[in-house]
1. Within the group 434, 425, which residue is farther than 30 Å from residue 55 by Cα and open to solvent by less than 70 Å² (accessible area, probe 1.4 Å)?
2. Restricting to the range 307-330, give me the number of residues that are open to solvent by 70 Å² or more (accessible area, probe 1.4 Å) and either in contact with a helix residue (DSSP H, G or I) (Cβ under 6 Å, 6 or more places away or on another chain) or in a loop (DSSP other than H, G, I, E, B) (or both).
3. Tell me whether the range 170-185 contains one or more residues that are among the β-branched types (Val, Ile, Thr), surrounded by fewer than 19 Cβ atoms within 10 Å (Cβ to Cβ) and assigned to a loop (DSSP other than H, G, I, E, B).
4. What tally of residues in the range 626-638 results from selecting those that are open to solvent by 50 Å² or more (accessible area, probe 1.4 Å) and of a type outside the set (A, V, I, L, M, F, W, C)?
5. What are the residues in the range 482-506 that are touching an Asp or Glu at 6+ places or on another chain (Cβ under 7 Å) and open to solvent by 20 Å² or more (accessible area, probe 1.4 Å), if any?
6. Any residue at all in the range 38-53 that is modelled with pLDDT of 90 or more, assigned to a helix (DSSP H, G or I) and more than 16 Å from the chain's Cα centre (by Cα)?
7. Given the residues 623, 649, which is the only one that is buried (at least 18 other Cβ atoms within 10 Å of the Cβ) and of a type outside the set (Ser, Thr, Tyr)?
8. Closer than 30 Å to residue 48 by Cα and aliphatic (A, V, I, L, M): which single residue out of 446, 410 fits that description?
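The values are calculated or read from the model by the stated rules, or taken from the named source; none is laboratory data. Small disclaimer: the values here were computed from a predicted structure and weren't measured. Note that we place each Cβ from the backbone using ideal geometry, even for glycine, and neighbour counts take in every protein chain shown. Quick note on the areas: whole protein, heavy atoms, side chains included, nothing else; ligands and nucleic acids left out. Shrake-Rupley method; radii C 1.70, N 1.55, O 1.52, S 1.80 Å.
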Amino acid sequence: MSELNGKSGQRSLALRALQAALLASALAPLPALAQTAIETVTVTAERREEISQKVPISINVITSDKLDTSGVQNTLDLPQLASSLVTINGANASSFQTPFIRGVGSSSTLLGIDASVATYIDGVYQPFKAANLIDLYDIERIEILKGPQGTLFGRNATGGAINIVTNQPTDQFGARAEASYGRYDETVEKGFINAPLADGLFANLGVVARQGGDFIQNDFNGTKFGGVDSVTVNGKLLWAPSDRFEATAGVVYTNRDQSMATANATNVPGSIPVGTLPMFGGAASFTDYHADLNFNPRSTDSTIEGSLHLRYSFDDVDLVSISSYQMSHSHELLDYDSTSANVFSFNDFDRGETFTQEVQLLSTDKGPLQWILGAYYITDQQGYVPLQLLYVAPLPIDINTTNRTNGWAVFGQATYDFGEGTHLTGGLRFSQETHRLTGDETMPAVPLTLAGPIDLKKTFAKPTWRVSLDHAFTDDVMAYASYNRGFKSGGFNSTTVDPTQKPVDSEVLDAYEVGAKTQWWDHRVQLNVAAYYYDYSNIQVQRVDPSAGGAALLESAGSAYLYGFDGDLTVIPTEGLELHVGLGLEQSKYTRYDNASGYAYLGGFGVAETIDAKGTQLLFAPAVTLNLGGDYTFQFQDSSSLEIAANYAFSSHYKEVVGDGNFVRAYGVLNGSVTWNAPSDKFFLRLWGKNLTDQNDIGRLLNGTSYQKQLLQPITFGVSGGVKF
C-alpha cells in the first residue's frame with residue numbers, strides 16, 4: 001500500500017511538474033516578436049499629411065501608446081516626453097495652460113492676450129488658456145512643432161504649436177474601457193467607442209472622468225485640497241457619401257474643478273507673510289504640503305466646442321473648410337496672501353466666446369509643385385464678469401472688462417521639387433487684428449465707480465513668412481535650412497481700467513534653423529538634430545504690480561536673442577527594446593530691457609524693484625532640458641506580453657519674472673509603469689508610478705504679500721486595468 005501510495009505520489013508530482021513546465025513554456029519570453037523598426041509616423045505639420053521624417057521642421061511626435069505608458073495625463077505633463085518644452089500653471093495658481101518652446105512663450109493669464117505657443121485640436125485653435133489643460137484620451141498623436149509657425153498656423157504660434165490629433169471615426173466597430181486607482185484616492189475612468197451607423201456614416205465618442213487626488217492639508221479648517229474633479233468628452237460624426245466628399249462634425253466638452261494652487265499654500269521658511277503681521281493676526285504654513293488658508297483655493301472651467309470639417313476633392317485640388325464655435329466659463333478663487341488672515345484674495349469670473357473660419361485649397365496632383373492657399377477669420381470675446389479684488393476691508397473692488405478681438409489673415413505656401421531630392425519651400429501670410437477693451441472698475445457695495453468707463457482700440461498688422469531648402473541625400477538622410485518669421489499681436493492689460501494705458505507692442509521673432517533627419521541600421525536608429533538662432537523683439541513679459549498685491553500685468557521688453565540645439569535619438573538595439581534620448585541646449589539674453597519690473601526678497605518681505613534686465617537670461621528659458629526613456633516588451637508564447645516603461649525629464653534652473661524673487665531650480669521627474677497585456681490585447685493590467693524620485697520643492701514664487709514654495713505633486717502610484725472589444 002505504501003508502495004502504491006509512493007507511485008501515486010510520484011505520478012502526481014510528475015503531473016504537477018508537467019503542468020508547471022507547460023505553464024512556464026506558455027509564459028516564457030519568445031525571441032521578441034515586438035517592434036523591430038522605428039514606427040513611421042504621419043503628421044500634418046504643414047497642413048497636409050506627410051511622413052514626419054520628410055518634413056523640414058523640428059517636430060516631436062508623441063503617439064497614443066507613449067501616452068498610455070508614460071504617466072502623461074494632460075497637456076501640462078507633455079515636457080515628460082518632449083525636450084525644449086516648458087509648461088506651467090498660469091501664475092502657479094490655476095489651470096491656465098501657458099507653454100514655452102525653446103524659451104519662447106507667454107506666462108500671461110490675462111484675458112485677450114494669446115499664448116505665444118498655439119494649441120490646436122484637430123486643426124481648431126484653442127483660444128482659452130483656462131481650458132487648455134486637456135485630459136489626453138482618444139488621441140492618435142500629438143505633434144509639438146518647434147519654432148515659429150506663422151505662415152500656416154498664424155500670429156499666435158510665435159514659439160511653435162501643439163497640434164493634438166484625435167482618432168477619426170472608421171467603418172470598424174470597436175470599444176474599450178479602463179479604470180485607475182491611485183494614491184490620495186484618485187480615480188480615473190475612461191471609455192471609447194467607434195461604430196458604423198449606416199453606409200458612409202461613422203461615429204466615435206471618448207470620455208474621461210477624474211476625481212480625487214487631494215494631497216494638501218489645510219490646517220486652518222482641517223480639510224484637504226489639491227485634487228481634480230473633471231470630465232472630458234470628445235465625439236465625432238463622419239459622413240463620407242463618396243470618395244470625393246467627407247464632412248466631420250465634432251464636439252469637445254470639458255468641465256474641470258481643481259484646487260492645485262500649491263504655490264499659494266506653503267511659505268518659504270524665514271519669510272514673513274503680510275497676513276502674519278500683528279495687525280492681521282493670521283497664521284502661515286511653512287511645512288511642505290500643508291497650508292494655513294482661510295479658504296481652500298479652487299479653479300473651475302467649463303468649455304464646449306463644436307466644429308465642422310468639410311473636404312471636397314477635385315481632380316487636382318482639395319477644398320477644405322474648418323468652422324468652429326467655442327464658449328467658456330471659468331471661476332478662480334485664490335487666497336493670495338497664503339495665510340489664515342483675510343488680507344488679499346482673487347475671486348475671478350471669466351467668460352469667453354469665439355468663432356473661427358478657415359478655408360484652404362491644397363494641391364493634390366503628382367507634379368513637382370505642391371501648394372496651399374488659405375484664408376482665416378476669428379472673432380473672440382473674453383471678459384471678467386467680474387474680477388473681484390478682496391482686500392482686508394470687506395468691500396470688494398470689481399473689475400468689469402471685456403477684450404474683443406476681430407482678426408483675419410490670408411496665406412499661401414508652395415514647395416517645388418527640383419529632382420534629385422532637393423525641395424524649396426516658400427510661404428507668406430498677412431494677418432490683421434483689432435483689439436478693443438471696454439469696462440470699468442467699481443465698488444458695488446457702496447456703490448461707487450472707481451475708474452472708467454474706458455473704450456480703447458488698437459489694430460495690429462504684420463506679414464510673416466517661411467523660406468526653407470531641404471535635400472535628401474538618401475531615402476533615410478535629409479538636411480534642411482530655414483528662415484521663419486513669427487508674429488503675435490499686441491494688446492491691452494485687461495485688468496487695468498486706465499483710459500491712458502498704452503497697449504503692449506506686437507512680438508516679432510526671426511528664426512534661423514538648420515537641421516537633419518536621419519535613420520540608420522534598417523530603421524532601428526533615428527537621429528534628428530537642429531540648431532537655431534532667434535532674433536526676438538517687443539517681447540511681451542509678465543510683470544508684477546505692487547499696487548495690486550502682486551497682480552500680473554504685461555510690459556514690453558525691447559529685444560533678445562536665443563540660440564541652441566535640439567536632438568532626439570531613438571534606438572531599437574534588440575527586438576522588444578526601444579530607447580529614447582531628447583536633449584535641448586539653449587543660451588538666451590535680453591539685449592534691451594530697460595525699466596523691467598519685478599520683486600526682490602529683502603528682510604522676509606517682497607520688495608518691488610525696477611532694474612535694467614539687459615544681459616540677463618530670458619524667463620522660462622532653461623539652458624538644459626533632457627528626456628530619457630525606455631520601453632521593453634516581453635512577448636510570451638500564449639501571445640500575452642509584459643511591457644516595462646520608464647521616462648525621466650530634467651530641466652535646469654530658470655526664472656519666472658525678473659529680479660531675484662521668482663525662480664524654478666533644476667529638477668527632474670521620473671515616471672514608470674509595468675503593463676501586462678492579455679492574449680490578443682483583450683485586456684490589460686498596469687502598475688504605475690509618477691514622480692518616483694519624490695521631487696517636491698522646486699522653486700520660489702514671490703509677490704507683494706508672501707514668499708511661497710513651488711511644490712510638485714508628491715510621489716504617486718496606482719493600478720489601472722482595461723478591456724477592449
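1. From the options 434, 425, the qualifying one is 434.
2. 3
3. For the range 170-185, residues among the β-branched types (Val, Ile, Thr), surrounded by fewer than 19 Cβ atoms within 10 Å (Cβ to Cβ) and assigned to a loop (DSSP other than H, G, I, E, B): present.
4. Of the residues in the range 626-638, 3 are open to solvent by 50 Å² or more (accessible area, probe 1.4 Å) and of a type outside the set (A, V, I, L, M, F, W, C).
5. 485
6. For the range 38-53, residues modelled with pLDDT of 90 or more, assigned to a helix (DSSP H, G or I) and more than 16 Å from the chain's Cα centre (by Cα): present.
7. Answer to the selection: 649.
8. Among 446, 410, only 410 is closer than 30 Å to residue 48 by Cα and aliphatic (A, V, I, L, M).
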